[in-house]
Amino acid sequence: MMFRAFVFFISFLASAPAPAANQIVSAELIRASGEVSRLDPAARSIATDAQSFALIRYDDGTTIYLRPNTVVRPGSLFVEIGEIFVKAKGFFEVKTAFVTAGTQGTEYLTRVSPREGATVVVLDGSVKCESQKLSWPDFVLERGQKAFFEREGSVLPGPTRPGSRPPRIEMPFAERASEKELVGIRKWVSDVDRAAMPQ
């Protein structure tokens, strides 16, 4: 089912009869531009095409910005591919195949490439990063930091000579995001906010 309208509303309701603590049980797609598809009603997937964006707002006021070529499953948000920006008002988690990024009232970006991994960039506040397979200890990214998370269990190229050390597994680590990257994210979010304002 495809949508080409600029403004439309869809409600997503969790199937669980009673929500757990901090669980967000409903959300609505509040703005979209270009072609946005609801790929799988059972899984409640949303996808943007190469020329579109979308905004999803949760009950607690948290807003999710979807860049072009992004696929997500709302509810306990799972990013399959693409890039999202989160403005969290309360406790919120973004899940990927590589990492779970949890936060309390902050702003951060998550970028996912299924073949390569996921990147988390924090613009404000802090984000706790957790391994999906307990491959590395949890750690916290602070404002202005980012980290890249490979597919867990992936191995980096290493020496192959007899008697050499085995290839190493890459562990994620925090590093400073460039000012250019942070400015670019803020500009895109600002552009979407302006585009989504009622005409």
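The set of residues in region 93-132 being outside any strand (DSSP E or B) and hydroxyl-bearing (Ser, Thr, Tyr) consists of Thr96, Thr106.
Yes or no: Val122 modelled with pLDDT of 85 or more, under 10 Å from the mean Cα position of the chain (by Cα) and either of a type in the set (A, V, I, L, M) or surrounded by 21 or more Cβ atoms within 10 Å (Cβ to Cβ) (or both)?
Judged against the criteria, Val122 is not a match.
In region 185-199, of all residues being small (Gly, Ala, Ser) and either modelled with pLDDT under 80 or touching a Phe, Trp or Tyr at 6+ places or on another chain (Cβ under 9 Å) (or both), the one that is surrounded by the fewest Cβ atoms within 10 Å (Cβ to Cβ) corresponds to Ala195.
Would you confirm whether or not region 41-51 contains a residue that is under 20 Å from Asp191 (Cα atoms) and buried (at least 17 other Cβ atoms within 10 Å of the Cβ)? Scanning region 41-51 turns up at least one residue that is under 20 Å from Asp191 (Cα atoms) and buried (at least 17 other Cβ atoms within 10 Å of the Cβ). If you go through region 69-89 and keep only what is at pLDDT below 90, surrounded by fewer than 21 Cβ atoms within 10 Å (Cβ to Cβ) and not hydroxyl-bearing (Ser, Thr, Tyr), you end up with Arg73, Gly75, Lys89.
Taking the criterion of being modelled with pLDDT of 80 or more, among the small types (Gly, Ala, Ser), in a loop (DSSP other than H, G, I, E, B) and in contact with a strand residue (DSSP E or B) (Cβ under 9 Å, 6 or more places away or on another chain), would at least one residue in region 147-155 satisfy it? Walk me through how you get there before you give the answer.
Here is the first cut: in region 147-155, the residues modelled with pLDDT of 80 or more are 147-150.
Restricting the remaining residues to those that are among the small types (Gly, Ala, Ser) gives 147.
From what is left, the residues that are in a loop (DSSP other than H, G, I, E, B) are none.
Checked region 147-155: no residue is modelled with pLDDT of 80 or more, among the small types (Gly, Ala, Ser), in a loop (DSSP other than H, G, I, E, B) and in contact with a strand residue (DSSP E or B) (Cβ under 9 Å, 6 or more places away or on another chain).
The values are calculated or read from the model by the stated rules, or taken from the named source; none is laboratory data. As the structure is a prediction and not an experimental result, all values here were calculated from the model. Ideal geometry is used to build each Cβ from the backbone, glycine not excepted, and the neighbour counts take in all protein chains shown.
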